[in-house]
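First up is the structure itself, then whatever we jot down about it.
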Amino acid sequence: MTETGPPSPPLICAPLRIEARAIRRGLRGSQTPPEVLRTGYGTTRAARQAGGMSQRSFGQMMIMGVGGGLTADLSVGDLVVGTEVGDVTCASAPLLAGELRRAGLPARTGRIITVDHLIRGAQRAKLAAEGWLCVDMESAPLAAAAGDRPVAVIRAVSDTPHRPLAGIVPGGLAALRSLRAAAPVTERWAAACGARQVLLAGPRSFCAGVERAIEIVERALERYGEPVYVRKQIVHNTRVVGELTSRGAVFVDELDQVPDGATVVFSAHGVSPAVRNDAERRRLAVIDATCPLVSKVHAEARRFAADGYTLALIGHAGHEEVEGTLGEAPESTVLVQTAEDVARLRPRDGERVAYLMQTTLSVDEAAEVSGALRERFPAVRAPSSDDICYATTNRQAAVRAVAAGSDLVLVAGSANSSNSVRLVETCERAGTKAHLIDGAEDIQFDWLAGVSVIGLTAGASAPPAVVDEIISALSGLGPLSVSERITTTESIRFGLPKEVRH
Ligand code: SF4
């Protein structure tokens with residue numbers, strides 16, 4: 001592990017005496033509390049303090065105080081973490097907001113504007129319409145004075161469109177309580193700051209099967225209009241499902257939630273024949289987004305079962321792909337998850353055993369189970385080509401290559417994404433700590449202590465934009481150099497089903 005240098009002392013700026021006092025109280029438990037500087041009320045005093053910042057020695061600047069909420073969905077006491085403050089970008093805002101939420105505080109990210117007078121009524125609505133979430137009278141000049149150093153701004157909402165300035169006393173007290181509660185988190189933010197390197201694994205993120213499945217839903221929405229029903233998550237990723245939902249896709253667990261005659265998309269993980277038959281009986285308009293590489297495994301299952309083989313399906317119980325494949329020949333197929341399961345296998349004929357695999361397994365784990373099958377049944381038949389798909393194999397090889405040179409690996413992907421979880425396990429098997437994150441907001445500051453090289457990858461169902469967002473957020477903690485290690489390149493594309501082909 002590469003050691004980072006000693007942390008530079010942070011500086012907390014708080015305009016008002018009562019704000020500074022609330023923050024100091026929040027820091028009481030700290031062994032080395034950061035300096036809390038009272039900078040004064042209003043833009044003029046803030047600008048004067050900012051002018052003197054060059055005389056001060058500090059590593060990071062945190063600006064904290066109360067502020068006015070501009071949108072109706074904010075409540076007094078909410079914390080707004082600035083993504084942009086005037087002209088200054090505060091890139092680590094998603095990390096900070098995530099850490100505040102994990103501490104039980106109501107935190108959101110958004111743009112903060114600094115003005116030189118109190119804002120009321122119509123002006124509040126105008127700023128909200130321009131995309132600002134919060135208003136204050138000091139942050140922008142102070143943030144600009146941080147220069148190249150990490151800077152963050154937290155404003156606790158004291159008034160909102162529903163509770164304007166007339167209610168500032170109770171609103172102000174709620175805001176001060178939030179500031180006090182947020183203070184310990186600012187210390188963790190400061191401790192996580194430092195220069196780092198990111199090693200990007202290549203390939204990473206979307207595979208051809210996921211791109212195809214998402215495109216199928218998008219085209220179905222365009223062609224047939226909303227709602228388009230999708231059985232199960234189209235791919236296992238929270239962000240993808242959220243975006244498609246906002247565009248009119250309706251995700252259901254089972255077909256009985258789909259109205260008769262409606263359009264339904266089968267997810268990339270595939271379905272069993274029983275589900276297909278049910279859809280036909282209900283006269284649903286089906287568009288099949290099953291990945292062709294999953295369909296290939298289904299076809300193998302049908303072929304082996306028709307030839308009288310007992311099928312050992314190597315995979316994870318409960319995964320949708322496994323349920324779909326098991327359904328092709330339920331009488332002939334047994335799920336084996338471990339070498340112990342192989343020892344328990346009781347085939348009809350030990351000379352007629354074949355095995356298949358879930359497409360998103362760990363290459364090492366699958367090799368262990370298939371090895372046990374070969375040992376116990378020397379005549380065992382294997383699939384004609386590897387069932388673990390190219391995308392899974394490539395992403396595991398790529399992350400192994402970056403894990404070797406990293407202190408920590410971050411894997412973008414959702415918890416129910418099999419191939420993403422396997423990437424975490426691949427790193428851990430290689431001796432490097434790894435965490436699965438849906439987005440930048442899931443990164444915990446404690447993970448970054450003593451870490452100077454971060455490996456970064458994304459599962460096959462995680463959008464490339466999430467990787468960009470993670471890099472951007474990490475760049476807000478200090479100088480960040482990014483390099484990529486490409487172990488192979490991919491050019492596979494799958495055609496679309498006729499229902500959505502132009
Ligand atoms: S991970 Fe593999 S099997 Fe799954 S959708 Fe992607 S290409 Fe297809």
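The values are calculated or read from the model by the stated rules, or taken from the named source; none is laboratory data. Everything numeric here is computed off the predicted structure, so don't read it as measured data. Positions of Cβ are generated from backbone atoms using ideal geometry, with glycine treated the same way; all protein chains shown enter the neighbour counts. For the accessible areas, the whole protein counts, side chains as well, though only heavy atoms, and no ligand, DNA or RNA atoms are used. Shrake-Rupley method; radii C 1.70, N 1.55, O 1.52, S 1.80 Å.
To keep it simple, each residue is scored yes or no on (1) assigned to a strand (DSSP E or B); (2) farther than 28 Å from G478 by Cα; (3) at pLDDT below 90.
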{"position": "C134", "(1), (2), (3)": "yes, no, no"}
{"position": "V153", "(1), (2), (3)": "yes, no, no"}
{"position": "P161", "(1), (2), (3)": "no, yes, no"}
{"position": "I168", "(1), (2), (3)": "no, yes, yes"}
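Within region 255-280, take every residue that is assigned to a loop (DSSP other than H, G, I, E, B) and more than 15 Å from E321 (Cβ to Cβ) and give me the one that is most open to solvent (accessible area, probe 1.4 Å). Looking at the filtered set, the residue picked out is D260. When region 49-73 is filtered for residues that are buried (at least 24 other Cβ atoms within 10 Å of the Cβ) and touching a Ser or Thr at 6+ places or on another chain (Cβ under 6 Å), the ones remaining, listed by number, are M62, I63, V66, G69.
Criterion applied to A372, A379 was being assigned to a helix (DSSP H, G or I), more than 23 Å from R239 (Cα to Cα) and more than 24 Å from the chain's Cα centre (by Cα), and the one residue passing it is A372.
For region 344-371, the set of residues classified as in contact with a Phe, Trp or Tyr (Cβ under 7 Å, 6 or more places away or on another chain) and either at pLDDT below 95 or open to solvent by less than 70 Å² (accessible area, probe 1.4 Å) (or both) consists of G350, V353, A354, S370, listed by residue number. Restricting region 200-222 to residues that are assigned to a strand (DSSP E or B) and of a type in the set (A, V, I, L, M), the residue that is farthest from the ligand (Cβ to nearest atom) is L200. Test P141 against the stated conditions and say whether it is more than 16 Å from the ligand (Cβ to nearest atom), open to solvent by 30 Å² or more (accessible area, probe 1.4 Å) and of a type outside the set (S, T, N, Q). Yes, satisfied. Among the residues that make up region 307-328, is at least one of them aliphatic (A, V, I, L, M), within 16 Å of the ligand (Cβ to nearest atom) and over 21 Å from S370 (Cα atoms)? Scanning region 307-328, I find no residue that is aliphatic (A, V, I, L, M), within 16 Å of the ligand (Cβ to nearest atom) and over 21 Å from S370 (Cα atoms), so the answer is no. One residue alone among P497, P463 is within 16 Å of the ligand (Cβ to nearest atom), more than 14 Å from the chain's Cα centre (by Cα) and modelled with pLDDT of 95 or more, and that residue is P497.
Residue by residue, here is whether (1) aliphatic (A, V, I, L, M); (2) within 20 Å of the chain's Cα centre (by Cα) holds:
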| site | (1), (2) |
| --- | --- |
| G194 | no, no |
| C207 | no, yes |
| E222 | no, no |
| T245 | no, yes |
| V264 | yes, no |
| V275 | yes, no |
| A289 | yes, no |
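The residue pairs whose first member lies in region 331-354 and is within 14 Å of P378 (Cα to Cα), whose second member is of a type in the set (D, E) and open to solvent by 70 Å² or more (accessible area, probe 1.4 Å), and whose beta carbons are closer than 7 Å, counting only pairs six or more residues apart or on different chains, do not exist in this structure. Restricting attention to region 379-417, the residues that are of a type in the set (K, R) and within 14 Å of the ligand (Cβ to nearest atom) total 1.
Residues of region 224-237 that are in contact (Cβ under 8 Å) with a residue 60 or more places away in the chain and in contact with a helix residue (DSSP H, G or I) (Cβ under 6 Å, 6 or more places away or on another chain): K232, Q233, V235.
For the residues I492, I486, the requirement of being away from the ligand (no atom under 16 Å from the Cβ), touching a residue at least 12 places away in the same chain (Cβ under 8 Å) and of a type in the set (A, V, I, L, M) singles out I486.
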